[in-house]
Structure formats: structure tokens, C-alpha cells
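A short worksheet on the structure shown next.
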Amino acid sequence: MTGQNILAIHGLNNAGLESDDFLLNPSDPSVELIASPFFAFLERYGLALDPDELPAGDHDGDNNINLVEHALDTDPTAANGDFYPLEAGSSSNGSIKITLPVDAPEDVDYRIERARDGVEAQKWEVIATKRGPGAWTGNSIFTYIDKKVGGNVTYSLRELNTAPDPSNLRLYRLGYSLRGPGGNAAPN
């Protein structure tokens, strides 16, 4: 069916009953189905639910895997490698801007990570997190909405207690992880 995720479970026991005796019917009101925003996203763009189209897939070859396309609400069937949600990847005063969809997917967790030892840093520290459309949270982080344009919102995040210092360069990156069905891909 278009627009729905269907779950059917068959089971056997040792009493010799047929497996149809244990079919869970999704139209049965006693069976609760869990909707998957990620699978709905793939379906919206006509992508099949096969291993090549799951979170680590890259249907359009633009180097943005389907998880990233879902998190940023970009089209996974059209190359759009020119969209960069992190406006400033490094900062000496602890201030960055992040652009995300206004209606961020419920099943995506976002995180801001910081490194102090350059691009090749081995240690990236999570300094802020955001669950789906929820608010950013983190210790010593100040966040406000900078602007809303179209279907996107730009957040300004600033680390508190960070004095401007050109010799104290910090690098930032935006990470994503998927919760729920299909969400066992490695975080990006």
C-alpha cells in the first residue's frame, strides 16, 4: 500500500498449527504499528526499501547518504552537494550557525561536535544535541533562532565562557543519527 508501512509476523509452535494461525493483521485494531519517518521519506521520493536505499545508501551519488538527506530534508534522488548546513566550520570565539529543516524529522538526533586540535583531531567532543524538532541542549551553550527562510531555520550557537582568541581555533561539525526502524546505521 502506498503511504503505509505494513508489518506481518508469522510464527509456528510445536502444536502443529499452521503459520496463518499466528498472522498479525495490521488492520486489526489490537495491533499497533510504528510509523517510520525515515521509511516515509524514502517512499516520498519513490525509493525502494532495499539495502542500497537504507540510511547509508546514496541513490543520487552526491556523497550525502540517505540519512543526511533525510536529516536535512533534501531530495535523495537529485544531487545537491552544494547545501552546507554548518555555516562556519571553525571559529575562534565559539560561535557557529546551523541550518536545518523547520520540521526536523522526529527520528533524527542532531549533535554539534567540537575539536581543538585541528582537522586531524582524534578527539571530538559533543557540545550540543537536538532530538528531532526539539530544542538544542548542552552545557555552556547559548542558542537562538537567527532566521527562518522557506522550510529552513538557521540557529546560532555560541559556547559561553569562550573569549575570542585567534590562537584558540575550534573546529565544529554537525552529526546525525537515526532512531527507530532502519536506524542502526553508524552515525554520520
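You can think of it this way: the chain between ILE141 and TYR45 has 31.0 nm of extra reach, that is 0.36 nm per residue less the Cα-Cα gap.
Phi angles across segment 133-144 convert, under the Karplus curve 6.51 cos²θ - 1.76 cosθ + 1.60 with θ = phi - 60°, into 3J(HN,Hα) values of x, x, 7, 5, 9, x, 6, 6, 10, 10, 10, 8 Hz, Gly and Pro given as x.
Between amide H atoms placed 1.01 Å from N, distances below 5 Å from GLY180 occur with no residue 5 or more places distant or on a separate chain.
Between THR77 and ALA121, what's the calculated FRET efficiency when r is the beta-carbon distance and R0 is 30 Å? Round to 0.05.
0.30
Run the reach check for LYS148 against lysines, Cα to Cα strictly under 29 Å, same-chain hits fewer than 8 apart removed. What comes back? Here the lysines satisfying the reach criterion relative to LYS148 are LYS97, LYS130. The local environment of ASP109, defined by Cβ-Cβ distances under 9 Å, has a net charge of +3 under the rule Lys, Arg +1 and Asp, Glu -1.
All of the numbers you see were taken from the coordinates with simple rules; none came from a lab. Since the structure is predicted, the reported quantities are computational estimates derived from the model, not experimental observations. Virtual Cβ from ideal backbone geometry, glycine too; neighbours counted across all protein chains shown.
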